[in-house]
Every structure is written in structure tokens, then in C-alpha cells.
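Everything below concerns the one structure shown next.
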Amino acid sequence: MFHKKVEICSMNVTKKLLSFWIVISLLFSNCQAGAKLLKDELIKPLNVILLIGDGMGLAQICAASVINGGLTLEIFENIGFIKTSSSDDYITDSAAGATAFSTGEKTYNGAIGLAKDSSSRKTIVEMAETKGLATGLISTCSVTHATPASFFAHQLNREMHLEIANDFYGKGIDFVAGTGKPYFNLEKLILDGYKITTSTSKPTLNALEKNFWFYNDSVSPPKVKERGNWLAQATEEGMRCLSNNKKGFFLMVEGSQIDWGGHDQDIDYVTSELIDFDQAVLKAYEYAKTHPNTLIIVTADHETGGLTLNGGSLKNKSVKTNFAHGHHSGIMVPVFAFGPGSHLFRGTYENTEIFRKIKNLMGLQ
Ligand code: MG
Ligand code: ZN
């Protein structure tokens, strides 16, 4: 009897100790999570890198992930969704989509840096320049094309390439890489203090200068199969040059041709451009790992092609896909964020909130 009583007693003690331990460890882990969240909330990013995969919906990401055996953006833990409609159409174009990111305004399709009543809106790049930060724009298309243009120009229509280029002078943007050389007045660029480089491979750039790196002499850029890892190189070089400003920087990087693959309903074109874009995300991620004051946001302006995945093989790294059409679609697109302030990008919200979140985090006005 006595022996049994001791046994019951010790069992009770064990149970009590166990529950005590569970309570303590829960408290401790909650404390750690709480402290980490508080730290993330308190630290504001010095640098912000916004990477835009034009036309990059979830199906495009899934297809590229299967073919590539995973993507860098899958590492990011703070994830949200944006609604992409423009002011005059449920389906946005890239001009209205990028203007939502750059100015926080829902505008009509085709508008560059203007509100829906065609009045000009200050862009995030112009605000960052006003604050004395370094700024950069990189794209795998002409710098005057809708997405990059919406960050510095104010024009009624995206097709006005010469007027868009004309809006570039005097803005003080520190690093630019892309095509579109014929649209620019090189003398004006030199007067603006730019070192102009035309090179398909990584040049040796002086970080103390303002750099304009044209991929080639023409307007149209080649596909990734010919271009190689130019986008990742430009991103790496852009971050290196912009880091020179100790006040911080804003850099926009666009994987422009994911969209073009969607318009062509060409899955190889889509996935090869997306995997290339993800290499730029990797460069940004590596930079943020060594510069923890850097916030990375990866998102898209819209989906292109109404892409569906109907089958595939993880073993063979292949997917069976179908495009509904060769246009943009109205589906929400994902946002992946990493670094200080990245928790603010969770949830479902309008594309214009990307602008407000970056503006508030960087203290711009
Ligand atoms: Mg674009
Ligand atoms: Zn498009």
C-alpha cells in the first residue's frame, strides 16, 4: 500500500513538473517570438529593394519552381496578396499597375505617373531623391517602358517614349540599367553627370558616379537565353553603387519579359524569364543577409495569360500548362517580403498600399 502511494505521489509530481515545464517553455517561446516581432516592428529599413515580376502570377511561380526545383522567393516568410485593378478597368495594364506602386494612385490604363484625372503625382523615386537617398532602376526592357517609366515620368500615355525619356533628365537617379538608348539624348545624360556604359556583360562601374548602363544600342532587349545572367549582374552592381550613399537607397528591379512570355502564351519563355528574375531576387536576398537594414519586396503588377497548371512531374521537373488567353488577367498576385518591416506586407490589400507601406517605412514625403 505504502509503496503504491509513493508511486502515485511521484507520478503526480512528474505530471506537475511536466505541465510546469510546458507552461514555462510556451511562455519563453512566446517571449522570444514577441521580442523578435517587436524588434522587426521597431527597426525601419535604410534600403528598400522592390522587385517586380511583370505578369508574374502564382501559376507562373509554381511552374518555374517545379522546373527549377525551387525558387529564392520561397524562403520569404512574410507573404500577402494584392488586388490589381486600375481606375478604369478591372484588368490593369503595366502602366497603371506600376503607377499604383510608384505613386499610390489608382489610375487609368496607359497612364505613367499620373492620377486618374491626369494630374501629376510625385513618385517614390522622386520622394527618395528629395530626401537625399540614392535611387536606382533596373529592367530587362527599355527604361522608357511602362514599369520603369512610372517611377520617374509623368505622361498621358505609355507609348510616348521620347517624352518619357525627356522626363528623366534632372531627376538625379543614381543607377539605371536597361535598354532604350535611342530614346535618350546622350549629351543631356552626360550634362546630368552620368557615366554611360553600353555593355552586355558586367562593366567596371565607379560607384562614386551616376551610372547609366545600356544593355545594347537598340530599344528591344533580347530574351534571357541570349541575355544570360545580365539582370542578376545589374542588380548586384546597382546595390553596390547605391550602397555608397550612407542615407540609404531605393532600388526597383523589373523582370519585364515574364509578361511577354505570357502574351506569347509560351511557357518556356515565361519560366526562363521568371527563373532569371529569381536570380536577381537571390542577389537582393544575399545583400539583405549581409545588410540587415535592407527590406526586399517581391511582387507583380498583374498576372498574364490566365495560366493554369494541369499536370506535371516533380521528378522530371516538368509541368503541363494551359493559357486561357494572351492578355492580362484580374487575379490577385502575391507579395513576398523579407527584412525589417516585412511583416507589414502580410494580408490582402490593394496594389496602392505597396506605395504607402514603403513611403511610411522610409519616412518619405
Ligand atoms: Mg513591365
Ligand atoms: Zn503585358
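Structure summary
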| read-out | value |
| --- | --- |
| Convex hull of Cα atoms in segment 68-179, direction-averaged projection (nm²) | 8.5 |
| Added length on full extension, which subtracts the Cα-Cα distance from 0.36 nm per residue, Asp88 to Lys131 | 12.2 nm |
| Relative contact order (%) - criterion: Cα under 8 Å, at least six apart; region: the chain | 29 |
| Neighbour cut-off at most 11 other Cβ (10 Å), DSSP loop, GluC sites (Glu not before Pro), segment 138-236 | none |
| Two-site label geometry, Lys116 and Ile196: point separation in nm, points 7 Å out along Cα→Cβ | 4.0 |
| Helix 2-42 axis, angle to the chain major axis (alpha carbon atoms, nearest 10°) | 20 |
| Folded to 0 to 90 degrees: helix 352-362 orientation relative to the chain principal axis, Cα | 80 |
| Inverse of mean 1/r across different Cα pairs in segment 235-309, Kirkwood, Å | 13.8 |
| Fraction of accessible area attributable to carbon and sulfur, the chain (%, probe 1.4 Å) | 58 |
| All-pairs Cα distance distribution in segment 276-365, expressed in whole percent, bin size 5 Å | 3, 11, 16, 16, 19, 15, 11, 7, 2, 1, 0 |
| Entries of Lys44/Lys283; Lys247/Lys359; Lys188/Lys247; Lys223/Lys289 with Cα pairs more than 25 Å apart | Lys188/Lys247; Lys223/Lys289 |
| Long-range tail of P(r) for the chain (Cα pairs > 25 Å, %) | 54 |
| Semi-axes of the equivalent ellipsoid for segment 180-305, Cα gyration tensor, largest first, Å | 25, 21, 12 |
| Tilt relative to the chain, helix 58-68 - C-alpha long axis, 0 to 90 degrees, to 10 | 80 |
| MRE, 222 nm, helices only [DSSP H, n ≥ 4, -39500 (n - 2.57), over the chain, to nearest 500] | -12000 deg cm²/dmol |
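The values are calculated or read from the model by the stated rules, or taken from the named source; none is laboratory data. Because the structure is predicted, anything quoted here is derived from the model rather than measured. No Cβ is skipped: glycine too gets one built from the backbone with ideal geometry, and neighbour counts run over all protein chains shown. Just the protein is used for accessible areas: all its heavy atoms, side chains included, with ligands, DNA and RNA removed. Shrake-Rupley method; radii C 1.70, N 1.55, O 1.52, S 1.80 Å.
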